[in-house]
């Protein structure tokens, strides 16, 4: 039963993330990406503060731990979300999910470069296949929708690099501070660090003219794609190996492409299909015997 529940939890996480791509696209048709980013981080920080308050009092980070958490927030929250939202505003939800699905293999690349993991021929082949898939995604954008979509794909790649580096560097802090507290601290730090980028757009949100659908989308971005996914992922990681959990990110481009076709009329091109195949093969091959945590915060 526990094994079945792990599968259900991980499928739910991938589905919630996939829906989030479309919800973010919907919201950004109405608001600037900077405003959407701040709604997500501020809302998540507030909710996590309420939920985790007793635990925060017991495990409040020290000054040196706050320095580490702030560094993680810069990579995993600030740069990650700015690049992701600005990129998603310029490309399709499917392409965003395709590029994000390379996170496990990019984490492996960083871990190998920093000496945390050892490369072998199988992992090198996995990295090469996934990178070929990313290149094919770029090519599909270049031959399809012009420079705007190509630039959006490039920003999504930068987002993936920032988030993967955050995951690689976060291993140490997550061993000394409970992961839930680290996530709460990152969100709190992010609400401060994002002020220069988001403040003017956030205070300009025309709240009175927004519909209940808009408010529902905001609630989903905060509760569905942030709070719920983190809790489900964290529970699954307590029951299964992290390499197994990380492989479920491969469901995201598949689910997203189906939803993108149904709700936005976006068709997955032949090049994008081949890109998806190469990325999946690369991640599956490269992830063999890997044990580091990897996932997504989109």
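The values are calculated or read from the model by the stated rules, or taken from the named source; none is laboratory data. Note that this is a predicted model, so its numbers are computed, not measured. Here the Cβ positions follow ideal geometry from the backbone for every residue, glycine too, while neighbour counts run over all protein chains shown.
Tabulated data
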quantity: Whichever residue in region 203-239 is touching a helix residue (DSSP H, G or I) at 6+ places or on another chain (Cβ under 6 Å), modelled with pLDDT of 90 or more and more than 11 Å from residue 17 (Cα to Cα) and, among such residues, is surrounded by the most Cβ atoms within 10 Å (Cβ to Cβ); calculated: 217
quantity: Cross-chain or 6+ apart pairs with Cβ under 6 Å, region 21-32 first and closer than 10 Å to residue 93 by Cα, then at pLDDT below 85 and part of a helix (DSSP H, G or I); calculated: 21/93; 21/96; 21/97; 21/256; 22/93; 22/259; 22/263; 25/93
quantity: Residue check, residue 47 surrounded by fewer than 18 Cβ atoms within 10 Å (Cβ to Cβ), touching a helix residue (DSSP H, G or I) at 6+ places or on another chain (Cβ under 6 Å) and modelled with pLDDT of 90 or more; calculated: yes
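Rundown of residues vs (1) within 24 Å of residue 249 (Cα to Cα); (2) modelled with pLDDT under 90, yes/no style:
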| site | (1), (2) |
| --- | --- |
| 55 | no, no |
| 58 | no, no |
| 80 | yes, no |
| 85 | yes, no |
| 102 | yes, yes |
| 105 | yes, yes |
| 112 | yes, yes |
| 118 | yes, yes |
| 123 | yes, yes |
